[in-house]
Structure formats: C-alpha cells, structure tokens
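Worksheet for the structure shown next.
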Amino acid sequence: MSSDQRLPGHPHIARKNGTLHVEGASLAALAREHGTPLFVYSKQWMLDALGAYQRGFEGRDALVCYAIKANSSLGVLRVFAEAGCGFDIVSGGELARVLAAGADPAKVIFSGVGKTKSEMRQALAAGIGCFNVESEAEIDVLNAVALEEGRRASISVRINPNVDPKTHPYISTGLKGNKFGIAHDRAVAIYQHAASLQGLQVVGIDCHIGSQITDASPYLEALERVLDLVEAIEKTGIALHHLDFGGGLGIDYNGDTPPAADALWQQLLARLDARGFGRRRLIVEPGRSLVGNAGACVTEVLYTKPGAEKNFCIVDAAMNDLPRPAMYQAFHRIVPVAERQGEAVSYDVVGPVCESGDWIGRDRALTVEAGDLLAVLSAGAYSMAMASNYNTRGRAAEVLISGERATLIRRRESIEDQLRSERFDG
C-alpha cells in the first residue's frame, strides 16, 4: 500500500489504480454490492483515534466514555466496548443500545437536560456509573425516583463555565445563554443541596463546553474555572472523586487543525498537576473525534443540471442522510470514487429531497457524469445518528471495514420497515 495515493487527513482512505479504498476495501465494489447511499467506516481509524486519548492518559486514573450521540450504530458501539471504553448517553434508547453492544453499565455516564422519570428508573435498574445532572429541578426529581426505587443515584453536576468554545452557535454548550448545565455562580449552593438528599451520592463534577473545538485555549479556560469550583465545593466538606471534562474536540473537515488528543491532554494534565489535581480520577466523553473521519458516505450521481446561475450535481444522498450542511452550513469534502478525465465544472452538490436546503456541498469543482460515484468524507459523526425518513426515504446501509474484510452492520431500510408500525382506520 506504500505506493497508494492517500487522501490528506484521511490515512485510511487511498486510491488504488485510481479508485478509492477504505482500508483494503474498494468503495466502488461496496456500492455495487450494497447500493447507495452507503456509509463506510474504518475500524482501524476509530481505534487509532481512541489510541491518542489512551496515550494522553497513560499512567493516569482515567476513563474514556464514547459519546454515542455522534454515531450510535451497534457495530460502531461494539468496537469501542471491546476496546474497554465507557459510554456517554443522553437517553434511555441510547442506554439500551450500549447494553446491547456489550457495555459495562458501571462505565456508563447519563448526560442530557431532559431525563424522564422512566429513563431514570431504567438507568438505576441497569446500575449505571453516574448521572450528569443539569438542573436544580432534575436533582430533586432524581432524588425522589431513587428513593422510590430503593436505590442511591451517583451524580455529578454539570457546570456551565460561560466559556466561548469558538465554534458554531448550534454546537456551543458552555455559554450562559445555552440550555445546558448549571450556572457557575450557583454551583456551591447546588452541591450543598444535592449532598443533603438521601437518594443521591455526589461523586464528581462535569463540564462540556461544545463541539468541533479546534483551539486548546477554551479547554484550558474551562479547566481553570472548574478547578476553582472544585476547591470551593470541597471547602464545604463535599468530596468530589472524579473530574469529568466532557468532549468536543474537533476533526479536520476542511483544513481544520485541532490539537491531537494526546497533545491536548498533556497540556491539560500539566495544569491539573500544577494545581494538585493530577491524581484525581478523570473522565472524558469524546464523540466526533473518535468516529468523524472514520466514515465516508458513497453516493451516486443521478443527473447533472446546468443552470443560468448555478450548475447542479444531483446525487442520491440527501439532507436526511447527511444533515450537517443543512443544519449548520457545515463543510464536507466531496471527491470522486473513480477518477475521470476532463475539465472540472463548478457544481452545487444537492440531493433529491424537496427542500432548497437539501445540499451537500456548494461550489465544488468536479468532473462527473450521471452514474459516477462520489465519496462525502468525514461522515462518521452526526450523519446516520441524525438520519430521518423525510420524503419517506429509507435510511442507508452501513458497512464496517477491518483490513480487507467488510461487514454489513446495518442493512438498508425498506419501505416495509417504515410502514410496519403505522395503522389507519377504515
């Protein structure tokens, strides 16, 4: 493989004889076998990304909990469960998924602003490791549920440090105008209240400031503010056994240069050591940085359509398969699966869904014809996990690649699958 032409930022994707391969598998061959749109994931890339965190925490008491909202497919979850990861969940459905994938419930962290009583009961019965509570009202409800169930819920309180993560407003979570977490200046009083409740056991503190962060400085600022709070809380006699710093590390979508996970944590650990917290148990909850660049979406060109102001490349993937461009104006690189000779034309790459917002890429220089295949890169996170059936479109198939072995981890959704749960009178 040394002579292969590898794609910048995607060491697991290379051209062999002019055709894209993920690890040792041809995307063209996978498309012929499974159809399009098709999500293809590199297992090795996921393990390499996880390895950067593990190197960064070597010699420390640390737990990496994969944030499954990024990609909750069972085949992906199994990769991380077998690698010893914990999991960060935000719903009862996600809890069921990680347990089905073989997760240790003691390594499960339950985050999210809107946990229901039934979800709390489900998590208590499963024996999860910790609830990250996000409001004063949730503290009281969880206490009542735990007492009803004859259990004691371990909790961390998610603190909103009011730190700007310098990312898209929709994926910023640590500013005081965001819905997440508890205000920094209310933290000590809320910890004292939680510690007084018989159904709760305070075990830690939690902070998560946003997603697709490409600069270390917001992490360092949030770390300092959280450690200030830890000192203030522990002065009241409440012991915090772990520090949870969330996730949010970005990936390279379009020349982005986030710090490597191991390098970032060396910086953060240096600050922890300097302030005397270096031996405290640490929890982190990466999502996108473990799966984002592992995935590509293969899509077929249906038509090319010249226009007075724009040329359109219409493909069979759409906003229901790849929601990020429509939701966040996000960028994904789009490259041909097989190289074609000829002059490139500037296209907007769009899908067949009946919305003007159904676009995958703007102003892309491509040499394509109907029937060609394109690969939408960095599609491993927040694609299938956010996919929908809008326009009664079936969700795509997914394939996991390990070397030259390709495993279908989700079959393509049929119309029968979509109609099965519906009823009508008459």
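Between V376, V337, V350, V345, which is in contact with a His (Cβ under 9 Å, 6 or more places away or on another chain) and outside the structural domain of D256 (by TED's automatic domain parsing)? Talk me through it step by step, then tell me what you get.
Details: V337 fails: in contact with a His (Cβ under 9 Å, 6 or more places away or on another chain); V350 fails: in contact with a His (Cβ under 9 Å, 6 or more places away or on another chain); V345 fails: in contact with a His (Cβ under 9 Å, 6 or more places away or on another chain).
Sole residue among the options that is in contact with a His (Cβ under 9 Å, 6 or more places away or on another chain) and outside the structural domain of D256 (by TED's automatic domain parsing): V376.
Working only within region 331-356, note down all residues that are within 25 Å of the chain's Cα centre (by Cα) and either closer than 18 Å to S388 by Cα or free of Cβ contacts under 8 Å to residues at least 24 places away in the same chain (or both).
Once the filter is applied, which keeps residues that are within 25 Å of the chain's Cα centre (by Cα) and either closer than 18 Å to S388 by Cα or free of Cβ contacts under 8 Å to residues at least 24 places away in the same chain (or both), region 331-356 yields V350, G351, V353.
Taking region 132-151 as the region of interest, how many residues are of a type outside the set (D, E) and either without any contact (Cβ under 8 Å) to a residue 24 or more places away in the chain or touching a helix residue (DSSP H, G or I) at 6+ places or on another chain (Cβ under 6 Å) (or both)? Steps first, please.
Going residue by residue through region 132-151, those that are of a type outside the set (D, E) are 132-133, 135, 137, 139, 141-147, 150-151.
Restricting the remaining residues to those that are either without any contact (Cβ under 8 Å) to a residue 24 or more places away in the chain or touching a helix residue (DSSP H, G or I) at 6+ places or on another chain (Cβ under 6 Å) (or both) gives 133, 137, 139, 142, 145, 150-151.
The number of residues fulfilling the criteria is 7.
Starting from residues that are among the polar types (S, T, N, Q) and crowded, with 23+ Cβ neighbours inside 10 Å, keep the ones in region 354-385 and report whichever is farthest from G75 (Cα to Cα). Don't jump to the end; show me each part of the working.
Looking only at region 354-385, we keep the residues that are among the polar types (S, T, N, Q), and these are 356, 367, 378, 383.
Those left that are additionally crowded, with 23+ Cβ neighbours inside 10 Å: 378, 383.
On the way: S378: 18, S383: 15 Å.
Only one residue tops the list, namely S378.
Looking at (1) within 28 Å of F110 (Cα to Cα); (2) outside the structural domain of S156 (by TED's automatic domain parsing); (3) basic (K, R), which is the one condition that is false for R271?
(2)
For region 412-422, state whether one or more residues are assigned by TED's automatic domain parsing to the domain that holds A338, touching a residue at least 60 places away in the same chain (Cβ under 8 Å) and either closer than 19 Å to R333 by Cα or not hydrophobic (A, V, I, L, M, F, W, C) (or both).
Looking through region 412-422, at least one residue is assigned by TED's automatic domain parsing to the domain that holds A338, touching a residue at least 60 places away in the same chain (Cβ under 8 Å) and either closer than 19 Å to R333 by Cα or not hydrophobic (A, V, I, L, M, F, W, C) (or both).
Taking the condition of being within 12 Å of V345 (Cβ to Cβ) and either among the acidic types (D, E) or in a strand (DSSP E or B) (or both), how many residues in region 302-312 meet it?
Count: 3.
The values are calculated or read from the model by the stated rules, or taken from the named source; none is laboratory data. Please read all numbers here as calculations on a predicted model, not as lab measurements. A quick note on method: Cβ atoms are made from the backbone with ideal geometry, for glycine too, and the neighbour counts reach across all protein chains shown.
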